[in-house]
Amino acid sequence: MSYKRVLTIQDISCFGQCSLTVALPILSAAGLETVILPSAVLSTHTAGFTGFTVRDLTGDIPGIAAHWKREGISFDALYTGYLGSAEQIGMVCDIADTLLKPGAVTVVDPAMADNGKLYPAFDLAFVDEMKKLVSRADIVLPNITEASYLTGIGYKETYGEDYIRSLTEALLSMGAKTVVLTGVSYDAETTGVAVHDAHGFAYYRHKKLPQSSHGTGDVYASAFVGAYVQGKSAYDAAAIAADYTVACIEYTDGDPQHRYGVKFEPVLPELIKMIGR
Ligand code: PXL
């Protein structure tokens, strides 16, 4: 395995096991040098908590990026998650233009919506900016709600493969080179991930767990990036990330006090094994 340097840009939710507090340990466990650029600092994430504090770090980003440029720091991969403002998206595009090594991969998790709705911090102007980042992504990792906002194709709770292909095709035609669409479930017992790129459309099916936990999208995306940057194909990385996320949810199951996130840390050895194979 070669030693690669990944830059991940997303928020710090101090409590809540999502975004950077998940991405940094998972990418490190995957054997990657992980550089962070916090988009915002929140006391908790915004799902299920009220009264959280938010400090938007948009104003800090250009100075941090300019310093890295002066120091000659560059990256093998860029992985973006929850961003703090629409204005930040242009800054992220500048970073992609100026701080990536030739051949670096850009992975965009357009973390902005779930269950048919935008997260509280976002509006349609944010979605429009996010379309620009998605159109230049090597890999985009949306859930169905995000894919629906990005493409303008109506959100559906029940659907068949035609609907899923319409979403992935629309994202490819926007410019993303590979689409990894999460939470694709055709029946009550299973769910899975659709992977669509120039090689075609594939589906990885896995078991659906009854309880829903927050933060699993970030666990999934971080494990995907870890496996992919370490040389797995998009399909194999999508399958590894799915198996790891299921194992994290199973490990957390039975603790009703722990719905704000998943207990991903004790399961990291399994992820390391899957990536090392
Ligand atoms: O897991 C996505 C996420 C990340 N960061 C913050 C969030 C959410 C989802 O609600 O609120 C602050």
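In this structure, the amide hydrogen of F75, modeled 1.01 Å from its nitrogen in the peptide plane, lies closer than 5 angstrom to those of L100, K101, counting only residues at least 5 positions away or on a different chain. Mean separation of Cα pairs under 8 Å and 6 or more residues apart, divided by the residue count, gives the chain a relative contact order of 17 percent.
Here the label points at K263 and F15, each 7 Å from Cα along the C-beta direction, are separated by 1.9 nm in the simple model. Non-local lysine pairs in segment 5-275, meaning eight or more places apart or on different chains, with alpha-carbon distances under 16 Å, amount to 5. Given axes a ≥ b ≥ c from the Cα gyration tensor, I'd like to know whether segment 5-275 is rounded (a/c under 1.5), prolate (a/b larger than b/c) or oblate. Judged from the Cα gyration tensor, segment 5-275 comes out rounded (a/c under 1.5). With the simple spin-label model, which puts each label point 7 Å out from Cα in the Cβ direction, the D187 to Y203 separation comes to 1.0 nm. For segment 1-129, the relative contact order comes to 25 percent (Cα pairs under 8 Å, sequence separation of at least 6). Only protein atoms count toward the accessible area here, which uses a 1.4 Å probe; on the chain, the carbon and sulfur part of that area reaches 52 percent.
For segment 1-30 and segment 143-199, what is the separation of their C-alpha centers, rounded to whole Å? The distance from the Cα centre of segment 1-30 to that of segment 143-199 comes to 25 Å.
Mean residue ellipticity at 222 nm, helices only, the chain: -12500 deg cm²/dmol; runs of at least 4 DSSP H residues each add -39,500 (n - 2.57), and the sum is divided by the number of residues. Length gained on full extension, R55 to Y159: 33.6 nm, using 0.36 nm per residue less the C-alpha separation. Cβ-Cβ distance of S2 and E270, R₀ of 35 Å, FRET efficiency by 1/(1 + (r/R0)^6): the value works out to about 0.95. Spatial offset of segment 38-68 relative to segment 209-247 amounts to 24 Å, using the alpha carbon center of each. Accessible surface for segment 5-275, divided over its residues, is 41 Å² per residue with a 1.4 Å probe.
Given a cut-off of under 8 Å on Cα pairs at least six residues apart, what relative contact order in percent is computed for segment 79-237? Reported as a whole number, the value is 17 percent. Distances between placed amide hydrogens fall under 5 Å for T106 paired with L78, D138, I139, all partners being 5 or more residues away or on another chain.
The values are calculated or read from the model by the stated rules, or taken from the named source; none is laboratory data. Since the model is a prediction, treat every value here as computed from it, not as a measurement. So basically every Cβ, Gly included, is an ideal-geometry build from the backbone, and we count neighbours across all protein chains shown. Remember, those area values only see protein heavy atoms, side chains included, never the ligands or the DNA or RNA. Shrake-Rupley method; radii C 1.70, N 1.55, O 1.52, S 1.80 Å.
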